[in-house]
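The values are calculated or read from the model by the stated rules, or taken from the named source; none is laboratory data. A quick note: this is a predicted structure, and the numbers were derived from the prediction, not measured. No Cβ is skipped: glycine too gets one built from the backbone with ideal geometry, and neighbour counts run over all protein chains shown. All accessible areas refer to the heavy atoms of the entire protein, side chains included, with ligands and DNA or RNA removed. Shrake-Rupley method; radii C 1.70, N 1.55, O 1.52, S 1.80 Å.
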Amino acid sequence: MNALAATNRNFQRAARILGLDSKLETSLLIPFREIKVECTIPKDDGSLVSYVGYRIQHDNARGPMKGGIRYHPEVEPDEVNALAQLMTWKTSVANIPYGGAKGGIGCNPGDLSMTELERLTRVFTQKIHDLIGVQRDVPAPDMGTNSQTMAWILDEYSKFHGHSPAVVTGKPIGLGGSLGREGATGLGMIFATEALFAEYGKSIANHTFVIQGFGNVGIWAAKSIYDRGGKVIAVSDITGAIKNPNGINISALMNHKENNGTLKSFSGAEAMDPNELLVHQCDVLIPCALGGVLSKENAADVKAKFIVEGANHPTDPEADEILSNKGVIILPDIYANSGGVTVSYFEWVQNIQGFMWEEEKVNHELKKYMTNAFQDIKKMCKTHNCDLRMGAFTLGLNRVAHATLLRGWEA
């Protein structure tokens, strides 16, 4: 099931639980605006090449729209639509005053030079500058983009609208980026796990963790677990998978990956079959690489008691059902990985105020938001007698529907 179909299915289940009016339900599902632009740039060899850029703005009932921009060969409207919708519910669950958006350009950033990427980013910004803005739509980095991409967008946008640091988040620190933003998604996941564990009288220490994906999110999650006395016993990324039943030294692994660009030949662990990783014996499984990795094919073999979804949509609905029947507790993506957008909100607030925070304050506020959101989800679970995923979806959907009704949508 693709991401759009799965997101729509969760949305419809939540709408039924809440008993939403069918007209309102349809209105909430349809994006506010879909933008498709042609981006033609000269390559370094003088030839011209054209790419298609998208920005889907899903909903703005609760505030400016918010969401990443990805550069990837497979960027297509359906996927961007699903991710934009997911951002609407995610910002609502986190209780930050945003709606959802998502964008991207169908290109392979690895095939483009730095100057070509800059040209492409500037042309894309020129095409959409009058449809984004501090109080309208605030982009951020995503797959294939980074703080440098945001710096180019800020510069190009500012040529039209004057200096506007709050128009994008995930910027370099020197241009108004927030301290703590880089590790926010990974650290937020651990705050979420701690909130969940508190319900069971558990702590991170003395539990075993398996992490799929050792990019930004996986590294920060692993580091936070290691610092709290938890054991990360298996890790994988696109270069391979490794395991150590006594726990991997994460600091040493981070140094190894930085120096060699791979997990292979790390002396503190042995190689393992990457396909084994998701069904490896552990207390907590954290998939934070690609979507759709837990499917009906492998769900029955998962041995973890808890799953914390670091990636977007890592669990197919069929797998969801199998895992629920087995009693596996899943912390859903729209809550578990919302640390990134929460600290993006803090960055936006700091830029608007022109007053930057210490990293300690950022992390303190992030913990507060993640803990409060978990309590709000639990209340919905009790009210509607549902699992955490439906608790999060009903919470997010209810807040957006309430804001939409307050604003008067039928006039």
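Tyr98: closer than 14 Å to Lys127 by Cβ and in contact with a Pro (Cβ under 7 Å, 6 or more places away or on another chain), yes or no?
No.
Which of the residues that make up the range 30-48 are of a type in the set (A, V, I, L, M) and either under 16 Å from Arg399 (Cβ atoms) or assigned to a loop (DSSP other than H, G, I, E, B) (or both)?
Ile30
What are the residues in the range 110-119 that are modelled with pLDDT of 95 or more and either touching a helix residue (DSSP H, G or I) at 6+ places or on another chain (Cβ under 9 Å) or more than 14 Å from Asp44 (Cα to Cα) (or both), if any?
Leu112, Met114, Leu117, Glu118
Among (1) farther than 20 Å from Ala151 by Cα; (2) touching a strand residue (DSSP E or B) at 6+ places or on another chain (Cβ under 7 Å), where does Ser47 come up short?
So Ser47 meets the others, but not (2).
I need the full set of residues from the range 49-78 which are outside any strand (DSSP E or B) and within 16 Å of Ile105 (Cα to Cα), in order please.
His72, Pro73, Glu74, Val75, Glu76, Pro77, Asp78
Counting only residues that are part of a strand (DSSP E or B), polar (S, T, N, Q) and either outside the structural domain of Val284 (by the TED database) or out of contact with any Ser or Thr (no Cβ under 6 Å at 6 or more places or on another chain) (or both), how many does the range 184-240 have?
2
Any chance the range 139-155 includes a residue that's open to solvent by less than 10 Å² (accessible area, probe 1.4 Å), of a type in the set (D, E, K, R) and farther than 19 Å from Lys367 by Cα?
No, every residue in the range 139-155 fails to be open to solvent by less than 10 Å² (accessible area, probe 1.4 Å), of a type in the set (D, E, K, R) and farther than 19 Å from Lys367 by Cα.
Scan the range 224-265 residue by residue and report those that are among the basic types (Lys, Arg) and touching a residue at least 40 places away in the same chain (Cβ under 8 Å).
Residue satisfying the conditions is Lys257 alone.
Any idea how many residues of the range 1-27 are open to solvent by less than 30 Å² (accessible area, probe 1.4 Å) and over 21 Å from the mean Cα position of the chain (by Cα)?
Residues flagged as open to solvent by less than 30 Å² (accessible area, probe 1.4 Å) and over 21 Å from the mean Cα position of the chain (by Cα) within the range 1-27 amount to 2.
Of the residues Lys66, Lys36, Lys43, Lys90, which is touching a residue at least 60 places away in the same chain (Cβ under 8 Å) and over 16 Å from Thr169 (Cβ atoms)?
On inspection, the qualifying residue turns out to be Lys43.
Contact list please: Cβ distance under 9 Å, first residue in the range 266-286 and in the same structural domain as Ile204 (by the TED database) and without any contact (Cβ under 8 Å) to a residue 40 or more places away in the chain, second residue surrounded by fewer than 17 Cβ atoms within 10 Å (Cβ to Cβ) and among the hydroxyl-bearing types (Ser, Thr, Tyr), pairs at least six apart or on different chains.
Ala271/Ser265
Can you find, within the range 264-288, the residue that is nearest to Asn249 (Cα to Cα) among those that are in a loop (DSSP other than H, G, I, E, B) and open to solvent by 70 Å² or more (accessible area, probe 1.4 Å)?
Per the stated criteria, the residue is Ser267.
Quick one: which helices (runs of 4 or more DSSP H) lie wholly within the range 336-411 and hold at least 2 residues that are in contact with a Gly (Cβ under 9 Å, 6 or more places away or on another chain) and surrounded by fewer than 13 Cβ atoms within 10 Å (Cβ to Cβ)?
Filter on the range 336-411 gives 359-384.
Being touching a helix residue (DSSP H, G or I) at 6+ places or on another chain (Cβ under 7 Å), open to solvent by 30 Å² or more (accessible area, probe 1.4 Å) and of a type outside the set (Ser, Thr, Tyr) is the filter here; which residues of the range 46-76 pass it?
Arg62
Would a scan of the range 291-305 turn up a residue that is buried (at least 24 other Cβ atoms within 10 Å of the Cβ), touching a residue at least 24 places away in the same chain (Cβ under 8 Å), part of a strand (DSSP E or B) and in contact with a helix residue (DSSP H, G or I) (Cβ under 9 Å, 6 or more places away or on another chain)?
Scanning the range 291-305 turns up at least one residue that is buried (at least 24 other Cβ atoms within 10 Å of the Cβ), touching a residue at least 24 places away in the same chain (Cβ under 8 Å), part of a strand (DSSP E or B) and in contact with a helix residue (DSSP H, G or I) (Cβ under 9 Å, 6 or more places away or on another chain).
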